[in-house]
């Protein structure tokens, strides 16, 4: 009798363990190798890959290109003059300014190819990499000066160029739509032969940024300082997120804005698109610089005696990268669906 009771007890324990193991959040799916299993979880893993993932990253990199936009401005300065906005509206700035200079501002970024049709390619990037305001006004400040009353300088945009760089082509692009709040922009560029350029629409499935967790390992592809690079970072806790971005510890450099952010929830058997690199925190300071467009000052061996100008310089806080979540990107694309269909982009495979 004791023998059968022992057998029965072992049976009950075995059934309990089987039931408990079946209630775990992760599941096992068949992989190509019948001897191995792929662990799947709805949450993106924080573990490092234990196999070579270079081919998957190269495949995704074929959908990432570099962009450069340049705004050309005429700048008018009003030194010692009580010029107001009403004066600007009733007079030509060149007639009442004390000096005039011409400058150009350039921004580089990264864009992701989403769709192609009739040699047109649909790209998505960050709005701030392609936007230049038409007019920039600075005002005199001081304890006895009314706020935003007397104009110190005004810059008026006269032209803007937008270019996509590839390994063998340089093509202009058209800005189709933008969203300033979420820092997103859609671009249209016409490549002659995308296949020969090794450029293809993103084949990585769009994921769900709600399933990023503390420490989720991220791979980020873009063109920091114009170099094609891949870097990695860890997702921060959800307490530091808002509806516009999540935070990672990836190293940020100018040019990576718009970069592709990937994560895996299948133990690196596959990747999902979870966001786009957007910006970093920064501090600003004002520095003195020589006269703009003075070609000789850098080669001087005597003291500089010409006019001195104040220029604002931005210092990036490296090690903090803010990324736009894929869920927000999906909403933006959905809102532009009718426009995209009119432009001939009928199917975004990455969002299926």
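The numbers here are math on the coordinates, done by the rules we state, and not lab data. The structure presented is a predicted model; accordingly, all values stated were derived computationally and were not measured. As a convention, Cβ positions derive from the backbone with ideal geometry for all residues, glycine included, and neighbour counts pool all protein chains shown.
Among 80-92, 96-108, sorting by the average number of other beta carbon atoms lying within 10 angstrom of each residue, highest first, gives 96-108, 80-92. Counted by neighbouring Cβ atoms within 10 Å, the residues 271, 48 run from fewest to most as 48, 271. Shown is the FRET efficiency for residue 84 and residue 161, computed with R0 = 25 Å from the Cβ-Cβ distance and rounded to the nearest 0.05: 0.15.
Sorting 52, 249, 115 by the number of Cβ atoms found within 10 Å of their own Cβ, with the fewest placed first, yields 52, 249, 115. One decimal place: the segment residue 289-residue 138 gains 52.6 nm when fully extended, by the rule 0.36 nm per residue minus the C-alpha distance.
For residue 331 and residue 214, a Förster radius of 22 Å and the Cβ-Cβ distance give a FRET efficiency of 0.35, rounded to the nearest 0.05.
Our estimate of slack between residue 40 and residue 94, defined as 0.36 nm per intervening residue step minus the Cα-Cα distance, is 12.9 nm.
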